Structure formats: structure tokens, C-alpha cells
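The values are calculated or read from the model by the stated rules, or taken from the named source; none is laboratory data. Bear in mind the structure is a predicted one, so any value in this text is a computation, not a measurement. Here Cβ is always computed from backbone atoms with ideal geometry, including for glycine, and neighbour counts include all displayed protein chains. Ligands, DNA and RNA are excluded from the accessible area calculation, which covers all protein heavy atoms including side chains. Shrake-Rupley method; radii C 1.70, N 1.55, O 1.52, S 1.80 Å.
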Amino acid sequence: MKNERTPLNGIRGTGSARGLALAFLGASLLLGACRKSEDKAPAAAGEGPVVGWEDAVLTHAPEVPPPITRTHPARVTVRLEIKEVEKELAPGVRYMVWTFGGSVPGMFIRVREGDLVDFHLSNHPDNKMPHNIDLHAVTGPGGGAAASVTAPGHSSVFSFKAMNPGLYVYHCATAPVGMHIANGMYGLILVQPKEGLPKVDHEYYVMQSEFYTHGKNREEGLQSFDMEKAVKEDADYVVFNGAMGALADDKALTAKVGETVRLFVGNGGPGLVSSFHIIGEVFDRVHSWGGARADQEQVQTVLIPSGGAAIVEFGVDFPATYILVDHSIFRAFNKGALGMLKVTGPTDSSIYSGKQRDEVYLAEGAAIQTLPDGAAIKMPTKLTQEEMMERGARVFTQVCAACHQAKGEGIPMAFPPLAKSDFLMADKARAIDIVSQGKTGPITVNGAHFDGVMPRLDLDDASIASVLTYVRNSFGNSGDAVTIEQVKARRR
Amino acid sequence: MLFRGRVLSVAAMAASAAIATAGVGSGQGGMGLVPKGAFALPFRKDSVEVRMKVEAFRLDRFPVTHTDFKAFVKADPDQARSRIKRLFADTAYLADWQDDSTPREGSGKAPVTQVSWYAAKAYCACQGKRLPTTAEWEWAAKGLPPGMDSAGLDRSILAWYARPGSDRFHPVGSGSVNGNGIRDLFGLVWEWTSDFDAYGFAGLNQRGVADSVAFCGAGSATATKEAEYATYMRWAFRLSLRPEYSLGSLGFRCARDLDGKGARTRERARVALPDSSLYRSDARWWRDDGRKMKLEDLRGRVRVVSMFFSNCENLCPMVLGQLKSLEGAMPGALRQKVGFVMVTLDPKEDTSGALSAYRKKSGLAADQWELLRGSADDTRELAALLGVRYTPKTEAGQMGHTGLIAILDRQGRMVSHVTGITDQEAFLAQLSRAVASER
């Protein structure tokens, strides 16, 4: 939206707010100034007096208020209501969150560089706690906290000049501040640079934070804040937008192939630093630390400190579900730091081919972990048929069934069958070689053509003998045993 | 709010009625004995740990219930929802009652909430009791429930914060029981204390702005009990209050000294006064010559009011200097219509004799300066009405307080207040305007 202007927006607010503003200011000079912007290009954007009076648009995550198209600062009223409400943190897990605006994270506030902001902070009468707000965008005592301590059933008003463009965290700073933050009291405020941000197709609001619950992870019921875990920074939940799954499945972010996306990403903490990453995407431009200007290009993972933010922008070129994670990865898979961006549209195989072939790289090492040198493990040298069948079944399940399937039926076009397999039963020595050395290239099994790769399996002789004995006497096959000696002989 | 000058009809102001309301709605559970002791505040002041000493006292076993409060309102209708003045309670006062005398259905045994500090204080005075001090309340709260350690208590309190606010409708007795036999200190509602605003602001902060160290993230700089989150939440909660607030989660209970005397007879104002007149306070005061008076006796002249104590080393001499300079600068005509009122914050030390000595030492003319002392409770109330905050006295005999100077009009309405006279001419102009006003 760089340098684009819709002049009328310059004085757009709610009708009544505008009327009020004019009545309040009572200055025809200012009215004239408003009108001027309609037909005359203003001086350098962001300069000049504060003109007009409007209500800020606030949104719940993941929505972001529309870009501000004004070309001058205005007087902007922000009204934020604090509510203590019970929410679902994870399936069946409820938590009394303290919120700026009724949800976690708090509502997204967007103002323009140079705006004079009248901030109205209300504390709902049903709340138990006093609260206040520290906006990192505010220059002044406590970032507003000192002026906004508010008892339940009361409102505080204070004003500040949005002097510093950028993306900022705001949070409650009432004692004990860590607990107020841990209970959900944080959000983002964007002070849009006077020159605007480049136009994109989608803007989204994503905020990471963690929760410390009295019960263990996923323990159901109404959970309360656990101070000891919080002090240890031992989080039970690390989530995007306030709950596990808040950005997943039907709540995923969306975009179409060819579009551009801007994410306003914050980290409420209270304790953990985020390694924000989107699996399968690269951030084309990054405003590190939430700064006013993009200062990095082509970034894989951005570090977002607790109480910090970043703006990331990227085009989406290929349809897929891209996964937002905190790349401190156990948080993603165990604690909830996982979101989705669903991109729809036509595929372009020149960008990404999809799976063309199922191949395994035949490395010098092995598909199965090699035991460290010198590991003194005693290998059996002789096994009964019964022992071999038992051991063979175990090895088959652990090693072979993933490809050849549980009943040895294989997968057409990919993995040849072992069940009633002419190829397997025809040549015992070849079977030993394939298991011990791997096999690449075309083969025909029961009349069907296969051209894949079987990796070399790092199994001991007894296991190879056992698993071959097992498959040669299972799944409709019937044959003699493969002995340890035979394996040993082929491997020499 | 203070400037809304609707004059109450004379008829509504029954002349000179004394209301004996002792014992009304005294509650069911009686009082428990809290032994004397001492404890450290959870935050340092000027880098020093602050220890609070508490004498043995009695404390209501239960919070005051809706039923208790109903009896009180019946005995003193001025405390009813429709009658109480905005000066003494905000619009949320008893807002959940069905009418002036009927609590919310089924809530009779639940703790009364949505009562202002003034009303709570008046209730306790009615019982011949008083609100507990913050130190007393905190000390009583340290009596652990049987079988619970302090970490366990902390956990149980945190669990209360994690529950929805409907706890307040549970009957008294359903919260925690404490080792002193005091019930429901935790688990149902927050409770008023007599000096809820006495902590957590810089002692010499003239603007009276709550000191950020006590409630912000920066609070960790002065914290001494880092693990006691529940404690900090109480202190932070009190800091958010103003005495006219009437919150849904805030109730109270009363305390009494061990040698507590009998019920006090409250006296209504003898004259008609505007709703917002501070002279509506029923407190009794004593002049430095020992004569008893009421604030309404100050009517007729515009008053410049400040609170002080005679041993004050820092702020008070400065304020007094400003006031004396002002007096000297007043034209004679103005001087006749303006009087100065200095009210001690330390009635224990500032006896009539001490005040009289202060008058002599400071050269304060009898026809121009009133030096007043009252009970600790009434002093607190006047401070609340004026917006003066002050800390408990340190062992060195000092207390922090706001150096507020207020102008009251001839009816006792506050028309202006400043923290220090920085522009004498502007202040004189305000005084002249107040004198000229016919209201």
C-alpha cells in the first residue's frame, strides 16, 4: 500500500466521532485542513498537525485491522475491555484466562505514526483482579502502566503520541506481572510507519505464548496457574493464538497461490523465546524485532523474544498446508506450538515437483542404526526352526512390514509382494543377498514390474536367517529354512 | 463528581438527629482473637525491609453478609442505595440489590459486596468496631488453616483467582478457615482495610501517584517475598482502589481493639449541605485549644486545607511555608473570607498540647488558622475525601504523605486541589473566584 492514498479516508472515522471531533475542536481551520487533503497532495506524509478524530479498529487474532490510508496523523480513540473468562486451552482443558478484549491474544491495535492516541482501558465489573497496560510502543512511565491501574468495574484513560513506528507487544503489568502475562494478558499494537507498508494480499496476527497449569499437559478440567512451573519456565503448553489448535484445520490461515502474506508475529512469553518458522516457506522480507523497516531478506527462522515481535512477508507459490512452528521443536509436537497456513491453487511442478519416485539413498551407512564399534553383543550361532520363526516374525514387523506390508502383500508399483512370491522363493541365495546388501533396479514379481530400491539392512546373520525363514514359511509361502551358516557363507 | 453541586432539600436533612445504631447487624459468628505479632512487608521501601508490628485485636469471624448490611441500612437510611451521596459511594453501590432494602434473591448469607470504603467504615463504626488495618488483615491472614503450609495456602488462593467471579454468592463460612478461627479470608471476596491506600506509593511523591515499583514489572526490584504471588495480588488489588469504589468482588469485615469501647453514637449533620460537601462527614474533631467541633462548623469561609503532622521533617514545613507566604500575599478583604485548616495525620503524637505548641512556634494566628485532630479512623476518612494518601508511621516517627492543598468553598465542596503552590498568583485568583461565588 506504499504511497497509495484514498483521500476521503483521511477524515473517515465513525460519523459521530468525526462530528464530535469537529464540535470539540470547533476550528474551521482544522476542517479546512481536512478538506485540503481531498484535492491536494499533502506535504510529506506523517508531517503536519493531528487532524480528525476517529475510533481505532481492533480485531481478534488472527485478523488484522485494515491498513490505515490516512496521509496525516489523527487523534485516535482505542477502547479495550479486560475480561476474565474461561476458555479451552486444549481439548477438555479449561483455563480462566485474563484477556484484553475477551480472547487470547489481546486485540490487535493499529494506529499510524504520529497519531495521538486516547487509550480507554476498562476492567469488566465481574473481574476479580485489578489490571493495567504497558504498551511497548509508549514512551512514558511504565509504557502507560503507571496511568492505567484499573479496579474491576472501572475505566482508566490516558493519552500518548505514537512516535515510534513498528510492531510492539502490550501486556498487563500489575503485580505479580508474570502471572498476569501467563494468564493471557498480551497483544500487539502496530504503529504503522507514515509511508505505510507495502501492499499484500493477506495480513494475519499470530502470537505465541505459554501456559503453566496445575495439572500436567493435557490433564482435563479447569486448570489453574502453577506458579512453581512458571518460575522454572517449565511450560505445559506453548501455543499460537491462545490455545492448542487455534490456527489448525478449519481455523488455519489461508491464502491462494500467487498471493502475498504478511504475518504480524508476537511473543507474549511470559518466559520462552520463540524460534518462529514455517515449514516449507521462506520469509522473503523480515522486519527483525518488529522494527519499522524490512531489514532482512530470505530468512528461514526468526527469533522472537518474549515481549517482542517480528513482521514477516512472503509470497506463496505452491499449494500445500504449511506448518507454523516454534522450531524449538518439542514445543511444536508436544506442547501445541503448531499452526497451519493452507494455500490453495494450481500446482507448478517447476517450483515443486511433488514425489516423483520413492527412492532411498543407498548410503555407505545403513538404514538401521549401526551398533557402535566394539559393542560386545553376543549373537546366537544356532537356532531351532521355532526360534527362527519367532525371531523372524519380530524382525519382519520391525523392519520389513513398513514397505512390504503386514501380510507381505506389498504395494503395487512400489513395493513387491512377499506373499506367494515367485521371486522370493525361486532363489534362496539371491534373497539372502538382497536382505544383506540391498537391491536396486527392475525386477518382476508374480508377473508385476517393479523398479525401486531396497536398502541394505544392517541385520546380524541370525536375524537375516530368521526373517528369511519366516517369510519363506508365511503368507502362503512354503520352503525350507535359511540357516545362519548359509547367510554367513553368502556374506563372505 | 466533587463539583456536582445539587443542594439537598432542607426537609431531607432532619435536624440534629442522633442515631444510636449500636449492635445492629452484628453478624453471626462473633469475633476471633488475633494475637499480637510482627511481620515483614513483601516489598522493601527505600531499600529497607519494612517490619509491621500488630497489637492483639479482635476480628469478625465472618465477612459482613447482605443480611447484616440490610439491618444496617434500615437503621441508617442515609446508607441506602438511593440515599447515599456520590461523594461516599460510586454508582455501583449495592447495585445488585433489588431495591434499597432487599438484597439479591438468595444472597442473604453471602458476603455483602459493592459497598464503598465509606459505607464499610460507617457499618463498622455502627457496631462499635472499625475496619482492620492492612497490617492487621495481613497478619490475621498469616494464621494458616490447619494442616496447610504457606505454599499450600498460596496455591489455594491462586486457585480462587482461577475461578469465575460467582464465588461471592456463596454463603459465608464456605471459604477457608484459618488458624485463628477466622473464616473466609480467602476464597469468597476481597476485603476492605482501613488504610488500603497507605502502601505502595513513594512517601514523598507530591503528586500522590501510586508508585510504580509496587505494581509494575519493576516491582521485582523491591520485592522480598518473590514466591508469594497471592500476597502481591492483594497489595496490587488494594492499590487499584479508591474509597468510593463499590466492586462486585470486594466486601469487608470489622475489627476491634481488645479494650474497644462501646458503640459510638453517630450524628447527622445539623444543617443542610450540598451532596458533594465534605462537611457531610459525621467525624468529630478537636481544636488545638481542646474544643470539640464538626467540619460543618467550617462553613461560611472559603477554606484552604492541608494535612500534616508536627514532627514532619520534609514536606510539611515546605507546605506550611507556601501557605504562610500565601497568607501574606492575600489582600485584607480576601483574608477575612478565607481561613486555613491544618489537620494532623498523627493524632496520637499531635495532642492538643502539641498542636498548640506548633501554632505558637509557627506563628499561626488564631482567627486565620484552624489546627485539628481527630480519631485515627476519622483522619483516614478526611484524607480519603481530600485525596491525601499517607503511610503508616516509621519507627523514626516519620510518615510519607501527599502534600495536597485543597480549596473548599463555603459549603465544604472541593473546588480545587494542588500539590504544592507553584503559582501563587493563580492560586490567589482561584481563592478570589471561590470567595466571589454565591453558591
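Restricting the search to region B:83-110, which residues are closer than 20 Å to residue B:61 by Cβ and out of contact with any helix residue (DSSP H, G or I) (no Cβ under 6 Å at 6 or more places or on another chain)? Across region B:83-110, the qualifying residue is only B:109.
Answer yes or no: is there a residue in region A:257-271 that is without any contact (Cβ under 8 Å) to a residue 40 or more places away in the chain and at positive phi. No: region A:257-271 contains no residue that is without any contact (Cβ under 8 Å) to a residue 40 or more places away in the chain and at positive phi.
Which one of these is exposed (fewer than 15 other Cβ atoms within 10 Å of the Cβ) and more than 17 Å from residue A:383 (Cβ to Cβ): A:452, A:410, A:441?
So the residue among A:452, A:410, A:441 that is exposed (fewer than 15 other Cβ atoms within 10 Å of the Cβ) and more than 17 Å from residue A:383 (Cβ to Cβ) is A:441.
Quick one: is residue B:278 more than 20 Å from residue B:195 (Cβ to Cβ) and of a type in the set (A, V, I, L, M, F, W, C)? When the stated conditions are applied, residue B:278 does not pass them.
When restricted to residues that are in a strand (DSSP E or B) and open to solvent by 30 Å² or more (accessible area, probe 1.4 Å), region B:177-194 contains 2.
For the residues A:183, A:123, the requirement of being under 24 Å from the mean Cα position of the chain (by Cα) and polar (S, T, N, Q) singles out A:183. A single entry from B:115, B:172 fulfils the requirement of being in contact with a strand residue (DSSP E or B) (Cβ under 9 Å, 6 or more places away or on another chain) and at pLDDT 95 or above: B:115. Candidates are the residues of region A:402-442 that are closer than 16 Å to residue A:474 by Cβ and of a type in the set (S, T, N, Q); the one that is modelled with the highest pLDDT is A:421.
Screening the candidates B:156, B:166, B:174 for the property of being of a type in the set (Gly, Ala, Ser), without any contact (Cβ under 8 Å) to a residue 12 or more places away in the chain and either in the same structural domain as residue B:56 (by TED's automatic domain parsing) or part of a helix (DSSP H, G or I) (or both) yields one hit, B:166. Taking region B:348-366 as the range and being touching a helix residue (DSSP H, G or I) at 6+ places or on another chain (Cβ under 9 Å) and surrounded by fewer than 22 Cβ atoms within 10 Å (Cβ to Cβ) as the test, the residues that pass are B:348, B:362, B:363, B:364, B:365, B:366.
Out of B:74, B:142, one residue alone is more than 22 Å from the chain's Cα centre (by Cα), modelled with pLDDT of 90 or more and basic (Lys, Arg). It is B:74.
Tell me, which residue of region B:236-256 that is outside any loop (DSSP other than H, G, I, E, B) and within 18 Å of residue B:64 (Cα to Cα) is farthest from the other protein chains (Cβ to nearest Cβ)? That would be B:256.
When each of A:431, A:419, A:393 is tested for being surrounded by 19 or more Cβ atoms within 10 Å (Cβ to Cβ) and in contact (Cβ under 8 Å) with a residue 12 or more places away in the chain, the lone residue that passes is A:431. Residue selection: residue B:259 fails the criterion of being within 20 Å of residue B:195 (Cβ to Cβ) and modelled with pLDDT under 90. In the set (1) under 30 Å from residue B:156 (Cα atoms); (2) in a strand (DSSP E or B); (3) open to solvent by less than 10 Å² (accessible area, probe 1.4 Å); (4) aliphatic (A, V, I, L, M), the condition left unmet by residue A:222 is number (3). Of the helices (runs of 4 or more DSSP H) that lie entirely inside region A:385-492, those containing 2 or more residues that are touching a strand residue (DSSP E or B) at 6+ places or on another chain (Cβ under 9 Å) span A:401-404, A:422-426, A:428-437. Screening residue A:141 on (1) within 30 Å of residue A:220 (Cβ to Cβ); (2) out of contact with any Leu (no Cβ under 6 Å at 6 or more places or on another chain); (3) at the interface with chain B (Cβ under 9 Å from one of its Cβ atoms) shows it passes everything except condition (1). The numbered conditions (1) farther than 15 Å from residue B:197 by Cα; (2) in contact (Cβ under 8 Å) with a residue 60 or more places away in the chain are all true for residue B:368 except (2). The residues listed here are A:175, A:146; of these, the one that is facing chain B (nearest Cβ under 10 Å), surrounded by fewer than 23 Cβ atoms within 10 Å (Cβ to Cβ) and free of Cβ contacts under 8 Å to residues at least 24 places away in the same chain is A:146.
Matching residues to (1) at pLDDT below 95; (2) over 30 Å from residue A:349 (Cα atoms); (3) not basic (Lys, Arg):
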{"position": "A:202", "(1), (2), (3)": "no, no, yes"}
{"position": "A:221", "(1), (2), (3)": "yes, yes, yes"}
{"position": "A:227", "(1), (2), (3)": "yes, yes, yes"}
{"position": "A:231", "(1), (2), (3)": "yes, yes, yes"}
{"position": "A:241", "(1), (2), (3)": "no, yes, yes"}
{"position": "A:260", "(1), (2), (3)": "no, no, yes"}
{"position": "A:277", "(1), (2), (3)": "no, no, yes"}
{"position": "A:299", "(1), (2), (3)": "no, no, yes"}
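Residues that are in contact with a helix residue (DSSP H, G or I) (Cβ under 8 Å, 6 or more places away or on another chain) and away from chain B (no Cβ under 14 Å) within region A:89-135 comprise just one, A:119. For region A:152-164, the condition holds for no residue, the condition being that it is closer than 22 Å to residue A:241 by Cβ, open to solvent by 10 Å² or more (accessible area, probe 1.4 Å) and within 13 Å of chain B (Cβ to nearest Cβ).
Residues checked against (1) surrounded by fewer than 22 Cβ atoms within 10 Å (Cβ to Cβ); (2) assigned to a strand (DSSP E or B); (3) under 15 Å from the mean Cα position of the chain (by Cα):
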| residue | (1), (2), (3) |
| --- | --- |
| A:244 | no, no, yes |
| A:247 | no, no, yes |
| A:266 | no, yes, yes |
| A:284 | yes, yes, no |
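Considering each residue of region A:185-199 in turn, at least one proves to be away from every other protein chain (no Cβ under 14 Å), farther than 30 Å from residue A:344 by Cα and open to solvent by 20 Å² or more (accessible area, probe 1.4 Å).
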